[in-house]
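Visitor: Here you go, one structure.
The values are calculated or read from the model by the stated rules, or taken from the named source; none is laboratory data. Only a predicted model underlies this, so the values are computations on that prediction, with no experimental measurement involved. Neighbour counts are summed over all protein chains in view; Cβ atoms, including those assigned to glycine, are modelled from backbone coordinates with ideal geometry.
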Amino acid sequence: MAPPIEILTETEIERGWRFTAQAMQADGSLLALTLELAWADYDHWCPDGSAPPAAVAESAIRWILEHRGDRTLPARLDASHARRLHPDADRAIRASLSPLDRP
């Protein structure tokens, strides 16, 4: 099951956005993290621009958390970290943002 994720802040930065977020861990504790989402990654995962940057960031965070295994994540991540975990990340994140998958 996907961990609950809450995007707390969104800040525009030089080459994209910076998000602070928190995610509920299996033990009930909150994991605080900062994710930077470059415009290039946004365009790669959401080429039609149909999802807001925060939705793309949340999808990337969710994918990273679900596929990190036993790895400890740094408090500050770049969204491209997902593709370094597994080459299927790009396809999976893009698919999660499909307008047909959103309410």
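Visitor: Quick check, is ALA2 buried (at least 17 other Cβ atoms within 10 Å of the Cβ) and modelled with pLDDT under 95? Give the steps one after another, and end with the answer.
Guide: Working: buried (at least 17 other Cβ atoms within 10 Å of the Cβ): no; modelled with pLDDT under 95: yes.
No.
Visitor: In segment 33-62, what residues are among the acidic types (Asp, Glu) and either surrounded by fewer than 16 Cβ atoms within 10 Å (Cβ to Cβ) or over 10 Å from the mean Cα position of the chain (by Cα) (or both)?
Guide: Let us first name the residues in segment 33-62 that are among the acidic types (Asp, Glu), namely 36, 41, 43, 48, 58.
If the condition is that a residue be among the acidic types (Asp, Glu) and either surrounded by fewer than 16 Cβ atoms within 10 Å (Cβ to Cβ) or over 10 Å from the mean Cα position of the chain (by Cα) (or both), then ASP41, ASP43, ASP48 are the ones that fit.
Visitor: OK, next. Which one is farthest from ILE64 (Cα to Cα), of the residues in segment 16-27 that are in contact with a helix residue (DSSP H, G or I) (Cβ under 9 Å, 6 or more places away or on another chain) and at pLDDT below 95?
Guide: GLN25
Visitor: Quick test for you: out of GLU6, GLU66, pick the one residue that is over 20 Å from LEU85 (Cβ atoms), over 10 Å from the mean Cα position of the chain (by Cα) and acidic (Asp, Glu). Lay out the reasoning, then the answer.
Guide: Values: GLU66 fails: over 20 Å from LEU85 (Cβ atoms).
Going through GLU6, GLU66 in turn, the sole match is GLU6.
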